[in-house]
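Below: one structure, written as structure tokens.
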Amino acid sequence: MEKQGLGTQDININFFKPVGEFMTKDVAMTKIILAVWFVAVYGFLFLLVMVADPNDTVQVTLSTGEVVTQVTGKSFLTEMRFLGFPFHYFYMAEFCIALFIAQCWWYCKFSDDLEAKHGKTEKKPGQPK
């Protein structure tokens, strides 16, 4: 049996205007995951800048002999330690990666459940019909 193609029919797919219940739920979950990721990464960086002490400076002498004043950006987030690491380092280097992996698992689980609910699961070779 030959599959019917779409021929010359136009297909309009838009992430911002999903059509149907399946795509609406899938896009909504994608937006939630992206929002959580955005807040976790950029919200923390914004917080680091906001709580930094602008009066804590260091004088640095460059190889040219020029003296430059630098703001150190110290705060309770950079001074606090977690599992032996400065908290800001642990958060960005370890927690954000773990969050990304958890979000990938969460999305895959959600997607599998959504596909099963809408009957879109594929039969694997050797699986009973």
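So which residues in the stretch 75-84 are of a type outside the set (S, T, N, Q) and surrounded by 13 or more Cβ atoms within 10 Å (Cβ to Cβ)?
If the condition is that a residue be of a type outside the set (S, T, N, Q) and surrounded by 13 or more Cβ atoms within 10 Å (Cβ to Cβ), then LEU77, PHE82 are the ones that fit.
Go through the residues of the stretch 10-24 one by one and say whether even a single one is of a type in the set (S, T, N, Q), at pLDDT below 80 and within 28 Å of HIS118 (Cβ to Cβ).
Yes, some residue in the stretch 10-24 is of a type in the set (S, T, N, Q), at pLDDT below 80 and within 28 Å of HIS118 (Cβ to Cβ).
Check ALA102 against each of (1) without any contact (Cβ under 8 Å) to a residue 60 or more places away in the chain; (2) in a helix (DSSP H, G or I); (3) farther than 26 Å from THR121 by Cβ and name the one condition it does not meet.
(3)
For THR69, state whether it is outside any helix (DSSP H, G or I), over 18 Å from the mean Cα position of the chain (by Cα), more than 30 Å from ASN14 (Cα to Cα) and at pLDDT 90 or above.
Answer is no for this residue.
Give me the residue from the stretch 11-24 that is outside any helix (DSSP H, G or I) and of a type in the set (Val, Ile, Thr) and, out of that set, surrounded by the most Cβ atoms within 10 Å (Cβ to Cβ).
It comes out as VAL19.
So if I check each of LEU34, LEU114, LEU48, which one is within 30 Å of ILE13 (Cβ to Cβ), part of a helix (DSSP H, G or I) and in contact (Cβ under 8 Å) with a residue 40 or more places away in the chain?
LEU114
May I ask you to list the residues in the stretch 25-67 that are over 28 Å from PHE87 (Cα atoms) and surrounded by 14 or more Cβ atoms within 10 Å (Cβ to Cβ)?
Within the stretch 25-67, LYS25, ASP26, VAL27, MET29, THR30 meet the criteria.
Pick out the one residue from PHE100, PHE90 that is out of contact with any strand residue (DSSP E or B) (no Cβ under 6 Å at 6 or more places or on another chain) and not polar (S, T, N, Q).
Testing whether each residue is out of contact with any strand residue (DSSP E or B) (no Cβ under 6 Å at 6 or more places or on another chain) and not polar (S, T, N, Q) leaves just PHE100.
The values are calculated or read from the model by the stated rules, or taken from the named source; none is laboratory data. These numbers come from a predicted model, not from an experiment. Ideal geometry is used to build each Cβ from the backbone, glycine not excepted, and the neighbour counts take in all protein chains shown.
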